[in-house]
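J.: Below: one structure in structure tokens.
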Amino acid sequence: MFVPSPWRADFPAIAALQRQHQTYLDNAATAQKPQALLDALIHYYSHGAANVHRAQHLPGALATQAFEASREKVAQWLNAPSLLQIVFTQGTTSAINLLAYGLEHEFAPGDAIVISALEHHANLLPWQQLALRKQLDLVVLPLDRHGLIDVEAARSLIGPRTRLLAVSQFSNVIGAWQPLDQLLPMARAVGALTVVDGAQGVVHGRHDVTAMDCDFYTFSSHKLYGPDGLGVLYGKADALARLQPWQYGGEMVQMADYESASFRPAPLGFEAGTPAVGSVIGLAATLEYLGGLDASAVEAHEAALHSQLLRGLNDREGIKLLGEPQVALASFVVEGVHNADLASLLTEQGIAVRAGHHCAMPLLKRFGLGGAIRVSLGLYNDSDDLVRFFLALDKALEILR
Ligand code: PMP
């Protein structure tokens, strides 16, 4: 049965990709953009770009007003108590680097940072390098047999030396929600800071950072159908107060002299230099668009496509899934077939999926793999996209086996 996406026509790139005979199934890497975002960017750039928070003139005032209105929109989207708790960064990666440098003064040799075995390099390497700089222990929570962070193991590994816990909300490789409701209280109980990498989680459903009760939550705009070069870091007010500036320059300074300077509090104190003004304004338009969709219809659509994807993969001989994907994506390998060979035959047939280590090399190693193929869905995908994927997969496997 054909399952259409009611939102497909809202994303002009999908028709353009189809004219190029491309089926886009790499949405966990980045998503296509709705017309509402394109309109907002054209409106902003064609009415007069200006820098924010500095200029006295009218275009500057209008840009600043729109920029701060976007901050308010993001705060509402996440149910953050105040717009002052929303810091704009260049992406999830830069947000986590900001945390790893900005919190460095909080750590002493022998302290522990806890992450998990499934973290994206963006939520592994900044902490690993901080641990090396400060002689800290980097503790890696193992996974259970379902591909979830092992809660029982966490009970013994999160302890009095733990100063910070940094974990993903939703794995970009396994496609599973992680047990944050159990892990975060363990960290809080020992007085550790909590960081949630929401890069994938934010894309599926609405998430309430106040209810989650994490100290920091971060995501990238481009995966949430928004513009590139922009990320969001939410922090609790007292957690943000503990953060020191990481990058120095214009806009973040309160007073500067040749010998010394003082810095603004959050959020501006962490937004050195000219921010991605157009992208920030565009993100608000994207959220406005997403907020207007019927959330339960989106959820049902994503679930229907995901079960079609899992059914198709499970029906085929020799396909092994990584973990137990719950929604949005699935990563797999095929017995006796190298994933790079399979990827190149899929590419030749116009199927855009991701092959490789998915920026989680240690995780792939734990699975005993050098790489895997990942199919990831967006709200504009329809069942025909998956039909084309499976036709191409069968053809590729016929050649390779
Ligand atoms: N964390 C996760 C779970 C991700 O999937 C990604 C992007 N693949 C990132 C972090 C990094 O995001 P960005 O490249 O936008 O900084």
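J.: Of all residues in the range 29-45 being polar (S, T, N, Q) and open to solvent by 40 Å² or more (accessible area, probe 1.4 Å), which is nearest to the ligand (Cβ to nearest atom)? Can you show your working first?
T.: Of the residues in the range 29-45, the ones polar (S, T, N, Q) are 30, 32, 35.
Add one more test, that the residue is open to solvent by 40 Å² or more (accessible area, probe 1.4 Å), and what stays is 30, 35.
Values: Thr30: 8, Gln35: 23 Å.
Out of the qualifying residues, it is Thr30.
J.: Name the residues in the range 194-211 that are open to solvent by 10 Å² or more (accessible area, probe 1.4 Å) and away from the ligand (no atom under 16 Å from the Cβ), would you?
T.: Within the range 194-211, Arg206, Asp208, Thr210, Ala211 qualify.
J.: Listed residues Ala117, Ala95; which is of a type in the set (A, V, I, L, M) and farther than 21 Å from Pro267 by Cβ? Break it down stepwise before answering.
T.: Values: Ala95 fails: farther than 21 Å from Pro267 by Cβ.
Going through Ala117, Ala95 in turn, just one is of a type in the set (A, V, I, L, M) and farther than 21 Å from Pro267 by Cβ: Ala117.
J.: I would also like to ask the following. Does any residue in the range 30-48 that is more than 14 Å from Ala66 (Cβ to Cβ) come within less than 8 Å, Cβ to Cβ, of a residue that is charged (D, E, K, R) and outside any loop (DSSP other than H, G, I, E, B) six or more places away or on a different chain, and which pairs are these?
T.: Thr30/Lys223; Ala31/Lys223; Pro34/Asp10; Gln35/Asp10; Ala36/Asp10; Ala36/Glu288
J.: Right, another one. For the range 168-192, how many residues meet the condition of being more than 10 Å from the ligand (Cβ to nearest atom) and open to solvent by less than 10 Å² (accessible area, probe 1.4 Å)?
T.: 7
Yes/no per residue for (1) out of contact with any Phe, Trp or Tyr (no Cβ under 9 Å at 6 or more places or on another chain); (2) away from the ligand (no atom under 13 Å from the Cβ); (3) among the hydroxyl-bearing types (Ser, Thr, Tyr):
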| site | (1), (2), (3) |
| --- | --- |
| Gln128 | yes, yes, no |
| Ser156 | yes, yes, yes |
| Pro160 | yes, yes, no |
| Arg163 | no, yes, no |
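J.: Now for a separate question. If you take the residues of the range 363-389 that are in a strand (DSSP E or B) and out of contact with any His (no Cβ under 8 Å at 6 or more places or on another chain), which of them is surrounded by the most Cβ atoms within 10 Å (Cβ to Cβ)? Explain how you work it out, then say what you get.
T.: Narrowing the range 363-389 to residues in a strand (DSSP E or B): 372-376.
Narrowing further to those that are out of contact with any His (no Cβ under 8 Å at 6 or more places or on another chain): 373, 375-376.
Working: Ile373: 26, Val375: 30, Ser376: 27.
Going through the qualifying residues, I end up with Val375.
J.: If you don't mind, there's one more thing I want to ask. Go through the residues of the range 244-252 one by one and say whether even a single one is under 30 Å from Gly370 (Cα atoms), touching a Phe, Trp or Tyr at 6+ places or on another chain (Cβ under 6 Å) and touching a residue at least 12 places away in the same chain (Cβ under 8 Å). Spell out the reasoning first.
T.: Going through the range 244-252, the residues under 30 Å from Gly370 (Cα atoms) turn out to be none.
Taking every residue of the range 244-252 in turn, none turns out to be under 30 Å from Gly370 (Cα atoms), touching a Phe, Trp or Tyr at 6+ places or on another chain (Cβ under 6 Å) and touching a residue at least 12 places away in the same chain (Cβ under 8 Å).
J.: Given (1) within 16 Å of the ligand (Cβ to nearest atom); (2) out of contact with any Gly (no Cβ under 9 Å at 6 or more places or on another chain), where does Leu132 come up short, assuming only one miss?
T.: The failed condition is (1).
J.: Here is a further query. Among (1) more than 24 Å from Ser307 (Cα to Cα); (2) open to solvent by less than 50 Å² (accessible area, probe 1.4 Å); (3) assigned to a helix (DSSP H, G or I), there is one condition Ile399 misses while meeting the rest; what is its number?
T.: Only one criterion in (1) more than 24 Å from Ser307 (Cα to Cα); (2) open to solvent by less than 50 Å² (accessible area, probe 1.4 Å); (3) assigned to a helix (DSSP H, G or I) is unmet by Ile399, namely (2).
J.: OK, next. Please tell me if Ser82 is away from the ligand (no atom under 16 Å from the Cβ), out of contact with any His (no Cβ under 9 Å at 6 or more places or on another chain) and either without any contact (Cβ under 8 Å) to a residue 24 or more places away in the chain or among the polar types (S, T, N, Q) (or both).
T.: Yes, satisfied.
J.: Here is a follow-up. Exactly one of (1) in the same structural domain as Gly235 (by TED's automatic domain parsing); (2) surrounded by fewer than 16 Cβ atoms within 10 Å (Cβ to Cβ); (3) closer than 29 Å to Ser344 by Cα is unmet by Thr93. Its number?
T.: (2)
The values are calculated or read from the model by the stated rules, or taken from the named source; none is laboratory data. Keep in mind that this is a model prediction, so the values were computed, not measured. Reconstructed Cβ throughout: ideal geometry from the backbone, glycine too, with neighbour counts over all protein chains shown. For accessibility, only protein heavy atoms count, side chains too; no ligands or nucleic acids. Shrake-Rupley method; radii C 1.70, N 1.55, O 1.52, S 1.80 Å.
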